[in-house]
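**Student:** Structure provided below as structure tokens; questions to follow.
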Amino acid sequence: MTKEEKIEFQKLYQKAHEPLQRFCAAKSYGIMDAKDLAGETILTALENFSKLKSKKAFLGFLFGIANNIVRNNLRKQKFSGTISEKELFSKTSNETASDTKLDIRYLYDALSKLPENQRDALILFEISGYSIKEICKIQDCKESAMKQRLKRGREKLAFLLNETELINEPVSKKSSVLMLMFF
């Protein structure tokens, strides 16, 4: 990798750092450490930076790498056993109230039951704070398809979490129900 490529990578990464950290925290919950996922994602991105065709797609490039790392880790975990409830609760901050930890656990359990495209759309929109248009660019889809993913994902979450209020919230705005649970 040339010095110019390293400088360009650093510039692109500075803009993507915080969104990547949020995405990794949401995507890795209960599977692996978020910092490990972020670090492995950055290393893989750096190694494969020359394969990136459009610098505008850098964030999507990072998210795709993180998704692949999580998938690979899940495949490995199939052969290594289960995670205990104590370990699962230790994944959240020790300073977090126990009822908030439980809410977060229910939310992540429910998110894990959604189809991947709906889960990723909800994580990017509700947790990572991206607009619908930004997510469309990341996931390479039309705005109507993204709104449908968010709507269907919320409907399934509402059913899984027994939160009927979630169904009535407009897709164009962040969910107040999910915000209360997650933040």
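**Student:** What tally of residues in segment 98-146 results from selecting those that are buried (at least 20 other Cβ atoms within 10 Å of the Cβ), of a type in the set (S, T, N, Q) and at pLDDT 80 or above?
**Tutor:** So the count comes out to 1.
**Student:** May I ask you to verify whether Arg75 is under 13 Å from the mean Cα position of the chain (by Cα) and either farther than 29 Å from Ile7 by Cβ or modelled with pLDDT of 90 or more (or both)?
**Tutor:** Considered against the rule, which asks whether it is under 13 Å from the mean Cα position of the chain (by Cα) and either farther than 29 Å from Ile7 by Cβ or modelled with pLDDT of 90 or more (or both), Arg75 comes out as no.
The rows are residues; the columns are (1) in a helix (DSSP H, G or I); (2) among the small types (Gly, Ala, Ser); (3) modelled with pLDDT of 90 or more.
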site: Met1; (1), (2), (3): no, no, no
site: Glu8; (1), (2), (3): yes, no, yes
site: Gln14; (1), (2), (3): yes, no, yes
site: Ala26; (1), (2), (3): yes, yes, no
site: Met32; (1), (2), (3): no, no, no
site: Ile42; (1), (2), (3): yes, no, yes
site: Lys56; (1), (2), (3): yes, no, no
site: Phe61; (1), (2), (3): yes, no, yes
site: Ala66; (1), (2), (3): yes, yes, yes
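The values are calculated or read from the model by the stated rules, or taken from the named source; none is laboratory data. Source: prediction; values computed, not measured. Neighbour counts are summed over all protein chains in view; Cβ atoms, including those assigned to glycine, are modelled from backbone coordinates with ideal geometry.
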